[in-house]
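Asker: Questions regarding the structure given below will be posed in turn.
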Amino acid sequence: MDWIDMADLPLYVFIDESGDFNFSPSGSKFYTFTAVITHEPSEKVEEITRVRHEILSGEILPDLGEDYLQGCLCHRFHATEDKQPVRDIFFGIIQNMESFLAHSIVVRKNRTNPTLHDPKRFYPQITGYLLDYVFKSYEYSKLCIFIDGVPVQNQKRAFVGAIKSEIREKTPKKEFCIYFPTSQSNHFLQVVDYVNWAIYRKWERDDPRSSVLISKFLNRPELDIFKRGDTEYYEFKK
């Protein structure tokens with residue numbers, strides 16, 4: 001293969017988040033942001049499509065049930081909804097991918113200053129850490145960012161504003177675009193959903209089983225941004 005200067009290629013960043021905006025003992029303990037980053041956004045698309053159709057047709061895993069197939073898998077792979085045998089297959093596909101790296105931010109919500117509880121303050125602060133990694137680690141001709149449009153619909157304006165502000169401040173001469181498709185239209189949004197789900201489970205439920213499967217893609221451990229903070233605004237529920 002001829003040598004390719006990555007600075008001449010677009011960089012594709014797929015972002016997923018987990019957690020809730022309930023900053024109280026009844027909310028989630030953590031909020032995670034994960035970015036899957038690649039110059040090759042079509043990797044494994046044919047295999048992912050083929051395997052999903054093999055499951056839907058009953059060629060493999062024939063006993064999953066009509067309700068699950070109709071309600072979930074016929075649209076997309078989605079870690080929260082998928083049956084464990086399906087997760088095993090999709091994680092297996094992800095493990096054989098070679099073109100992407102992932103970077104993840106973990107927020108301890110009970111150490112998050114109340115001034116950041118507003119999405120308009122929260123997103124700029126946290127996405128700034130995530131995008132700093134991209135700016136410092138990659139060369140590219142244009143930055144193309146994809147975020148699943150469904151879960152962020154209520155906070156979309158804050159999300160877009162935060163990302164645009166960070167890009168214009170840190171890399172003012174670089175072109176960029178931001179898209180909010182549904183995850184069923186983009187297989188890499190399904191990949192980042194799985195990667196982020198694995199990380200979220202590790203932190204929220206102290207369950208590292210799935211995070212081990214995707215650890216090779218993390219160029220560095222998850223950034224626990226409030227790890228060193230000593231102020232807790234409330235206690236987690238036991």
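Asker: Just give me the residues in region 23-56 being out of contact with any Ser or Thr (no Cβ under 7 Å at 6 or more places or on another chain), part of a loop (DSSP other than H, G, I, E, B) and closer than 30 Å to H117 by Cβ, in sequence order.
Answerer: Selection gives S24, P25, S26, G27, S28, K29.
Asker: For residues in region 165-187 being surrounded by 15 or more Cβ atoms within 10 Å (Cβ to Cβ) and within 14 Å of V13 (Cβ to Cβ), which is farthest from the chain's Cα centre (by Cα)?
Answerer: So, considering only residues that are surrounded by 15 or more Cβ atoms within 10 Å (Cβ to Cβ) and within 14 Å of V13 (Cβ to Cβ), the one farthest from the chain's Cα centre (by Cα) is T171.
Asker: Suppose the filter is closer than 29 Å to K164 by Cα, in contact with a Lys or Arg (Cβ under 9 Å, 6 or more places away or on another chain), surrounded by 12 or more Cβ atoms within 10 Å (Cβ to Cβ) and hydroxyl-bearing (S, T, Y); does Y12 pass it?
Answerer: Values: closer than 29 Å to K164 by Cα: yes; in contact with a Lys or Arg (Cβ under 9 Å, 6 or more places away or on another chain): no; surrounded by 12 or more Cβ atoms within 10 Å (Cβ to Cβ): yes; hydroxyl-bearing (S, T, Y): yes.
Spelling it out, it is not the case that Y12 is closer than 29 Å to K164 by Cα, in contact with a Lys or Arg (Cβ under 9 Å, 6 or more places away or on another chain), surrounded by 12 or more Cβ atoms within 10 Å (Cβ to Cβ) and hydroxyl-bearing (S, T, Y).
Asker: May I ask you to list the residues in region 206-228 that are crowded, with 16+ Cβ neighbours inside 10 Å, in contact with a helix residue (DSSP H, G or I) (Cβ under 7 Å, 6 or more places away or on another chain) and not in a helix (DSSP H, G or I)?
Answerer: Scanning region 206-228 gives E222, L223, I225, F226.
Asker: Against the definition (under 30 Å from T115 (Cβ atoms) and at pLDDT 95 or above), how does F14 come out, yes or no?
Answerer: yes
Asker: Hey, another quick one. Which is touching a helix residue (DSSP H, G or I) at 6+ places or on another chain (Cβ under 7 Å), of a type in the set (A, V, I, L, M, F, W, C) and under 26 Å from A158 (Cβ atoms), of I37, I126? Outline the logic, then answer.
Answerer: Values: I126 fails: touching a helix residue (DSSP H, G or I) at 6+ places or on another chain (Cβ under 7 Å).
Exactly one of I37, I126 is touching a helix residue (DSSP H, G or I) at 6+ places or on another chain (Cβ under 7 Å), of a type in the set (A, V, I, L, M, F, W, C) and under 26 Å from A158 (Cβ atoms), namely I37.
Asker: Do we find a residue being surrounded by fewer than 16 Cβ atoms within 10 Å (Cβ to Cβ) and part of a helix (DSSP H, G or I) anywhere in region 188-205?
Answerer: Kept after step one, since they are surrounded by fewer than 16 Cβ atoms within 10 Å (Cβ to Cβ), are these residues of region 188-205: 205.
Narrowing the set further to residues that are part of a helix (DSSP H, G or I) leaves none.
Within region 188-205, none of the residues are surrounded by fewer than 16 Cβ atoms within 10 Å (Cβ to Cβ) and part of a helix (DSSP H, G or I).
Asker: Here is a follow-up. Out of region 66-121, which residues are assigned to a helix (DSSP H, G or I), over 20 Å from F33 (Cα atoms) and among the hydrophobic types (A, V, I, L, M, F, W, C)?
Answerer: L69, C72, L73, V86, I89, F90, I93 - these are the residues of region 66-121 that are assigned to a helix (DSSP H, G or I), over 20 Å from F33 (Cα atoms) and among the hydrophobic types (A, V, I, L, M, F, W, C).
Asker: Among residues belonging to region 47-71 that are closer than 14 Å to Q190 by Cβ and surrounded by 17 or more Cβ atoms within 10 Å (Cβ to Cβ), point out the one that is farthest from the chain's Cα centre (by Cα).
Answerer: Only one residue tops the list, namely I55.
Asker: While we're here: Only one residue in T49, T32 is over 13 Å from V192 (Cα atoms) and among the β-branched types (V, I, T), so which one is that? Walk me through how you get there before you give the answer.
Answerer: On the way: T32 fails: over 13 Å from V192 (Cα atoms).
Sole residue among the options that is over 13 Å from V192 (Cα atoms) and among the β-branched types (V, I, T): T49.
Asker: To continue, here is another question. With at pLDDT below 95, crowded, with 18+ Cβ neighbours inside 10 Å and within 15 Å of the chain's Cα centre (by Cα) as the only criterion, which of V106, V150, V134 stands out? Don't jump to the end; show me each part of the working.
Answerer: Working: V106 fails: at pLDDT below 95; V150 fails: crowded, with 18+ Cβ neighbours inside 10 Å.
Only one candidate qualifies: V134.
The values are calculated or read from the model by the stated rules, or taken from the named source; none is laboratory data. Bear in mind the structure is a predicted one, so any value in this text is a computation, not a measurement. Don't worry about glycine lacking a Cβ; one is built from the backbone with ideal geometry, like all the others, and counts go over all protein chains shown.
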